[in-house]
Each structure stands twice: as structure tokens, then as C-alpha cells.
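See below for the structure under consideration.
The values are calculated or read from the model by the stated rules, or taken from the named source; none is laboratory data. These numbers come from a predicted model, not from an experiment. No Cβ is skipped: glycine too gets one built from the backbone with ideal geometry, and neighbour counts run over all protein chains shown. Heads up: the accessible areas ignore ligands, DNA and RNA and are worked out on the full protein's heavy atoms, side chains in. Shrake-Rupley method; radii C 1.70, N 1.55, O 1.52, S 1.80 Å.
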Amino acid sequence: MVLQTGLLLLQVQEHNHPHILLLQIGNTFCKLPGGRLKPGENEIEGLKRKLSSKLAANATALQPDWQIGECVAIWWRPNFETIMYPYCPPHITKPKECKKLFLVHLSEREYFAVPKNLKLLAVPLFELYDNVQRYGPVISTIPQQLSRFQFNMING
């Protein structure tokens, strides 16, 4: 059985430039919101569950209406090593993990509840680009993955 992991790209606009919301653990490690899906769980429903459990405010009136969009990338972990590939190597018949990145469409204003041990960062795409040392291979390729989309920035 392949471990299914869903990660979410929460794209926001700041200073007329797209940013990705990342969760920072400590002072250095950053990750995308999301996590493991239950066996047999629908991807979209599982991702909404993970987002709500990690970022949704307790007040019912402030609950986001998560709009899970397109799958922008799929990464594979063929074995128990930490390295992931943007393809499943042809000699691997049973990969350990499949990690999918989905775009999440947010309304103009959202409220998030961030756990105390994490920080929510809005990181500009230009900082992520080709910055494997800081963000790792998956997050640093987000600008390339999003290059096929046309973003219309709305001035508020």
C-alpha cells in the first residue's frame, strides 16, 4: 500500500505579488499544510479535514470554505530514504509514498488558527525559486509548478 500524502498550496497576494503560505517549525524548517490521508479516504475530503484540523478557527462563523483546486504536482518516495522524485522510477513497483500538491483557492479574507508551536509565513514565489537549501526540493519547485497558471491580482 502506498502512503498517500496531500499538501496544499495556499496562495495569497501581498504587495501585488503571489505568496505561498508555509508553516514554520522552529526557526528553520518550513512545510506546506496538509498531511497523511486515511486509507481509502477521498483526496479532497481528506485535505479539507487536514486543513480544518490544522488551520481552522474554533468559531463556526470563521470556518473557511476550503476550495481545493487543481493538482499541480505529484512527488514519489520510492523507498525508506528521504529523497523524493517528481516521477516514480520505472524499476519501483510499490513506492513508499505518493505526495500530491493541490492549489487551494482562498476568499479575499480568511481567518486561521495556527498552533502555538508553528508560525504561518507568507513567502513570495521569487524567494522559493531555486532555493533548495532553505526549502527543500518539493517547496523550491512550486514557482515552476505554478508557472502554467495565470493569476489575476485584485487590488483591494
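Which of (1) in a helix (DSSP H, G or I); (2) open to solvent by 60 Å² or more (accessible area, probe 1.4 Å); (3) at pLDDT 85 or above is the odd one out, the single condition SER53 does not satisfy?
Here SER53 meets the rest and fails (3).
Is it the case, given these coordinates, that LEU146 is modelled with pLDDT of 90 or more, of a type outside the set (S, T, N, Q) and within 17 Å of TRP75 (Cα to Cα)?
no
Only one of (1) open to solvent by less than 70 Å² (accessible area, probe 1.4 Å); (2) on the phi > 0 side of the Ramachandran plot fails for GLU97. Which number is that?
Checking GLU97 against (1) open to solvent by less than 70 Å² (accessible area, probe 1.4 Å); (2) on the phi > 0 side of the Ramachandran plot, the one that fails is (2).
Would you check which residues across region 39-48 are among the charged types (D, E, K, R) and surrounded by 18 or more Cβ atoms within 10 Å (Cβ to Cβ) and list them?
Answer for region 39-48, where residues must be among the charged types (D, E, K, R) and surrounded by 18 or more Cβ atoms within 10 Å (Cβ to Cβ): just LYS48.
Scan LEU121, LEU125, LEU106 and give me the residue that is in contact (Cβ under 8 Å) with a residue 60 or more places away in the chain and touching a helix residue (DSSP H, G or I) at 6+ places or on another chain (Cβ under 6 Å).
Answer to the check: LEU125.
Among ALA73, ALA61, which is modelled with pLDDT under 85, of a type outside the set (Lys, Arg) and outside any loop (DSSP other than H, G, I, E, B)?
Answer to the selection: ALA61.
Among the candidates LYS94, LYS100, which residue alone is in contact with a Gly (Cβ under 6 Å, 6 or more places away or on another chain) and modelled with pLDDT of 90 or more?
Result: LYS100 is the single residue among LYS94, LYS100 that is in contact with a Gly (Cβ under 6 Å, 6 or more places away or on another chain) and modelled with pLDDT of 90 or more.
Considering PHE80, PHE112, which residue is among the aromatic types (Phe, Trp, Tyr) and open to solvent by less than 80 Å² (accessible area, probe 1.4 Å)?
On inspection, the qualifying residue turns out to be PHE112.
Name the residues in region 56-77 that are over 18 Å from the mean Cα position of the chain (by Cα) and open to solvent by less than 80 Å² (accessible area, probe 1.4 Å), would you?
Matches in region 56-77: ALA57, ALA59, LEU62.
Just the residues that are out of contact with any Cys (no Cβ under 7 Å at 6 or more places or on another chain), surrounded by 14 or more Cβ atoms within 10 Å (Cβ to Cβ) and either part of a strand (DSSP E or B) or of a type in the set (A, V, I, L, M, F, W, C) (or both), please, taken from region 122-140.
ALA122, VAL123, PRO124, LEU125, LEU128, VAL138, listed by residue number.
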